[in-house]
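Heads up, the thing below is written out as structure tokens.
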Amino acid sequence: MGERSGGGYATNTAKWTIELDAGRRAFAKVALDELAAGWLRNEARIYAALDAPFLPAFLGWHDSEETTVLVLEDLGDAHWPPPWNRHQISLVVDALEAVHGMTPPAGLPALESLRDDLGRVARCRS
């Protein structure tokens with residue numbers, strides 16, 4: 001059983017929270033257009049290539065001509081600041097340092113090449 005989930009930045013994806021066995025939950029993103037499918041493909045490459053404590057668990061992936069879906073560990077019950085305390089700020093700084101030290105998987109577009117698409121999504125959200 002699943003329920004539609006809100007939040008996130010992309011308006012061209014459907015987001016679902018899915019109930020699994022033993023009370024576990026997963027978060028699924030479904031592409032609603034080819035642009036979103038490309039973003040999910042890149043995101044799946046990142047999750048498949050990187051193993052880091054700051055990433056949710058990569059649970060599954062499906063990509064066909066009809067449907068592109070990425071399934072991750074659901075973090076809906078996690079604490080989402082604000083407010084922030086010093087310990088949480090320290091954890092974020094540590095995570096950012098770890099991100100900075102990682103090498104992205106081969107085949108991903110440079111972030112600069114996505115500037116127009118990311119700007120379009122930001123304008124849609126405001």
Output for segment 66-80, where each listed residue is within 23 Å of LEU50 (Cα to Cα), in a loop (DSSP other than H, G, I, E, B) and charged (D, E, K, R): ASP74
Residue that is least open to solvent (accessible area, probe 1.4 Å), among those in segment 16-29 that are part of a strand (DSSP E or B) and over 30 Å from GLY101 (Cα atoms): THR17
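Of the residues that make up segment 46-61, is at least one closer than 22 Å to ARG24 by Cα and part of a helix (DSSP H, G or I)? Break it down stepwise before answering.
Residues of segment 46-61 that are closer than 22 Å to ARG24 by Cα, as a first pass: 47-48, 51-61.
With the extra rule that they be part of a helix (DSSP H, G or I), the set shrinks to 47-48.
Yes, the conditions are met somewhere in segment 46-61.
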Checking ARG86 against (1) more than 27 Å from PRO104 (Cα to Cα); (2) in contact (Cβ under 8 Å) with a residue 24 or more places away in the chain, only one condition comes out false. Which one? (2)
All but one of (1) open to solvent by 70 Å² or more (accessible area, probe 1.4 Å); (2) touching a residue at least 12 places away in the same chain (Cβ under 8 Å); (3) closer than 30 Å to LEU20 by Cα hold for PRO104; which doesn't? (3)
Selection over segment 51-80 where residues are open to solvent by less than 90 Å² (accessible area, probe 1.4 Å) and under 13 Å from the mean Cα position of the chain (by Cα) yields a count of 15
Cβ-Cβ under 6 Å, sequence separation 6+ or interchain: first residue in segment 27-39 and under 9 Å from THR68 (Cβ atoms), partner modelled with pLDDT of 90 or more and among the polar types (S, T, N, Q). Which pairs? ALA31/THR68; ALA37/THR68
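The values are calculated or read from the model by the stated rules, or taken from the named source; none is laboratory data. For clarity, every value in this text was computed on a predicted model and none was experimentally measured. Cβ atoms come from the backbone with ideal geometry, glycine included; neighbour counts cover every protein chain shown. What goes into the accessible areas is simple: the full protein's heavy atoms, side chains included, and nothing from ligands, DNA or RNA. Shrake-Rupley method; radii C 1.70, N 1.55, O 1.52, S 1.80 Å.
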